[in-house]
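Notes follow once the structure below has been shown.
The values are calculated or read from the model by the stated rules, or taken from the named source; none is laboratory data. The shown structure was predicted, so the numbers you read here are calculated from the model rather than taken from an experiment. Here the Cβ positions follow ideal geometry from the backbone for every residue, glycine too, while neighbour counts run over all protein chains shown. Calculation scope for accessible area: heavy atoms of the full protein, side chains included, ligands and nucleic acids excluded. Shrake-Rupley method; radii C 1.70, N 1.55, O 1.52, S 1.80 Å.
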Amino acid sequence: MLLPSVISGAVEEARVAAPPVLTDRYNRAITDLRVSITDRCNYRCVYCRTGNEGAQFSELPMADYLRMVRVFAGLGIEKVRLTGGEPLLRKGLVEFVRELAKLRTVRTDEPLDLALTTNGHLLEDLAAPLKDAGLTRITVSMDAVDPATFARITRVPGSFDHVLRGIRAAQRAGLDPIKVNCVLLRGFNDDQIVAFAKFAREEGVIVRFIEFMPLEEDRLWSPDVVIPIREVVAQLESFRPVVRLAANNHSETAVRYTFDDGIGEIGIIAPVSQAFCGQCSRLRLTSDGKIRTCLFSQFDHDLYAVMKHGGVMKRGGSDADLAAFIERTVAQKEARHHIGEPNFLKPSRTMVHIGG
Ligand code: SAM
């Protein structure tokens, strides 16, 4: 009788002493996975898509993503963000979230942190079911608070009202915090910064401004289009004095601010002017089941092929085969991106086809 408890005690001790965490060759712990569950999108945002092309890559059955995520979680992934394309277009999403919510982290034996990034168009009806299924957090992409500007960007008439209703439904459902991400481009929506500050204060959401990266289907990006942090802060200051907030954790990508009266939170994410690759904890899984180790990777790593055609007699890989492939892939994670440098090469996929 003593032996099993001694053994289980030893296992418990080993788990505490050496948590199984994926680590890359730069000693970065890889704990964060973004999963694109469809390459389709119902918006054609002018800075993201040409407007002429639809989905370019296939999508897998939800059961395949679930199996992959289970293997990732077994290796130490703790946060999973569902994205796309537009993830709310995917049938079976609520059931998928319910299954994901049953998975637990190996390090702390807690449920995974489950988040979702959406354009919000279909959120009004889905916010409560998603919350009930176990979604913890939501980020809504929104690049203007002026309805006409918003419709020009998304190329969908009436889109602003849909998204606003979606945000409010998410609040009622208790999804907390709600983050609203805005990609800023000079001469395009940089006149929206103060209006967004007011929106954050009035709606009780965290607004985050994100620098535009060279990840578009068209060729729009140039250093001049990117609006650096100091310019955003100067505009916010023209509205009210801002106060810097402490980071929530060491790998946080946003620099956080509030105003002098403590009302409203604004984040600024500056992957171009203040790259945070040194703290990168992310992997991405594309809708067709390929791992990307960096947004700017030149290669995909085909996890789906291992699942379907790997293993003994090429009849399909076991979970151990998938885990070994993931570990080998993580070993190849890039040190950093090279945006703005002479040797920069555009990545092999654009944002909408990777999963932002
Ligand atoms: N459809 C969902 C949405 O709208 O959030 C998820 C996919 S979308 C590609 C994810 C995010 O990527 C959006 O917030 C979008 O604004 C952002 N994005 C697209 N192209 C970008 C670029 N070139 N630079 C920075 N962010 C970009």
Practice item. If a cysteine in the chain has no other Cys Cβ under 4.7 Å from its own Cβ, put it on the list, ordered by number. Key: CYS41, CYS182, CYS277, CYS280, CYS294
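Could you tell me the calculated FRET efficiency between ASP161 and ARG70, based on Cβ-Cβ distance and R0 = 35 angstrom, to the nearest 0.05?
Working: r = 39 Å, r/R0 = 1.10.
It comes to 0.35.
Any chance you could run the full-extension gain for LYS314 through SER58? It's 0.36 nm times the residue separation minus the Cα-Cα distance, nm to one decimal.
Working: separation 256, 0.36 × 256 = 92.16 nm, distance 2.18 nm.
Using 0.36 nm per residue and subtracting the Cα-Cα distance, I get 90.0 nm.
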**Study point:** Entries of LYS102/LYS131; LYS314/LYS346; LYS308/LYS346; LYS79/LYS333 with Cα pairs more than 23 Å apart
**Key:** LYS314/LYS346; LYS308/LYS346
Exercise for review: Leaving ligands, DNA and RNA out of it, work out the accessible area of MET313 with a 1.4 Å probe and give it in Å² to the nearest 10.
Suggested key: 140
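Could you look at the stretch 132-174 and say what percent of its accessible area is carbon and sulfur, using a 1.4 Å probe and all protein chains? Show your work: numbers first, answer last.
Details: 900 of 1720 Å².
The computed percentage sits at 52.
So for the chain, averaging the separation of alpha carbon pairs under 8 Å that are six or more residues apart and normalising by length, what relative contact order in percent results? Before the final figure, lay out each step's value.
On the way: 697 pairs, mean separation 68.0, N = 356.
Computed value for the chain: 19 percent relative contact order.
Tell me the per residue accessible area of the chain using a 1.4 Å probe; a whole number in Å² is fine. Before the final figure, lay out each step's value.
On the way: 16080 Å² over 356 residues.
Using a 1.4 Å probe on heavy atoms only, each residue of the chain averages 45 Å².
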Review point. Given the Cα-Cα distance of LEU220 and LEU245 and 0.36 nm per residue of separation, how much length would full extension add, in nm?
Key: 5.7 nm
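Give the carbon-plus-sulfur fraction of the accessible surface of the stretch 205-275 in %, rounded to a whole number; probe 1.4 Å, heavy atoms of protein chains only. Show your work: numbers first, answer last.
Details: 1680 of 3350 Å².
Of all accessible area on the stretch 205-275, carbon and sulfur atoms account for 50 percent.
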Exercise for review: Apply 1/(1 + (r/R0)^6) to the Cβ-Cβ distance of HIS338 and GLU237, taking R0 = 30 Å, and write down the FRET efficiency to the nearest 0.05.
Suggested key: 0.40
Review point. Taking a spot 7 Å from the Cα of GLN279 along the direction of its beta carbon, which residues of the stretch 191-207 have an amide N less than 20 Å from it?
Key: 206-207
Check your understanding: Where in the stretch 194-224 is the amide nitrogen less than 19 Å from a point lying 7 Å along the Cα-to-Cβ axis of LYS346?
Key -> 212-224
Study note, to complete from the structure: Kirkwood Rh for the stretch 10-133 from C-alpha pairs, in Å, is 16.1
Check your understanding: Any idea how far apart ASN27 and ILE229 come out in nm if each label point goes 7 Å out from Cα toward Cβ?
Key -> 2.4
Exercise for review: Give me the compactness ratio for the stretch 124-181, meaning the Cα radius of gyration over 2.2 N^0.38 Å.
Suggested key: 1.16
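For the chain, which semi-axes, largest first and in whole Å, follow from the square roots of 5 times the eigenvalues of its Cα gyration tensor?
Values: eigenvalues 235, 108, 92 Å².
That gives 34, 23, 21 Å for the three semi-axes.
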Review point. Taking H as built 1.01 Å from N, whose amide H comes closer than 5 Å to the amide H of ARG49, not counting residues under 5 places away?
Key: GLU217
**Study point:** ASP176 paired with GLN298, simple spin-label distance in nm, labels 7 Å along Cα-to-beta-carbon
**Key:** 4.8
Point to revise | Within the chain, percent of DSSP bridges classed antiparallel, to nearest 5 | key: 30
Check your understanding: Using only helices, what value at 222 nm comes out for the chain when you add -39,500 (n - 2.57) per DSSP H run of length 4 or more and divide by the total residues, to the nearest 500 deg cm²/dmol?
Key -> -9500 deg cm²/dmol
Review point. In whole angstrom, and with the biggest value first, how far do the Cα coordinates of the stretch 261-323 range along each principal axis?
Key: 65, 26, 20
Exercise for review: Springs between alpha-carbon atoms under 10 Å, Gaussian network over the chain: tell me which of HIS337, HIS301, HIS250 tops the mean-square fluctuations.
Suggested key: HIS250
Practice item. Could you tell me what percent of the DSSP beta bridges with both partners in the stretch 104-219 are antiparallel, to the nearest 5? Key: 5
Exercise for review: With all protein chains present, calculate the accessible area of VAL255 using a 1.4 Å probe and round the result to the nearest 10 Å².
Suggested key: 30
Review point. Largest first, how would TYR26, TYR65, TYR304 line up by accessible area (1.4 Å probe)?
Key: TYR26, TYR304, TYR65
Exercise for review: Can you tell me the alpha carbon radius of gyration of the stretch 80-152 divided by the globular rule-of-thumb value 2.2 N^0.38 Å?
Suggested key: 1.25
Practice item. Order these peptides, 235-243, 320-328, by their mean beta-carbon neighbour count within 10 angstrom, highest first. Key: 320-328, 235-243
Review point. Ignoring ligands and nucleic acids, what accessible area does ARG81 show with a 1.4 Å probe (Å², nearest 10)?
Key: 30
Practice item. Rank ASP302, ASP109, ASP319 by mean-square fluctuation in a GNM of the chain with C-alpha springs under 10 angstrom and give only the top-ranked residue. Key: ASP109
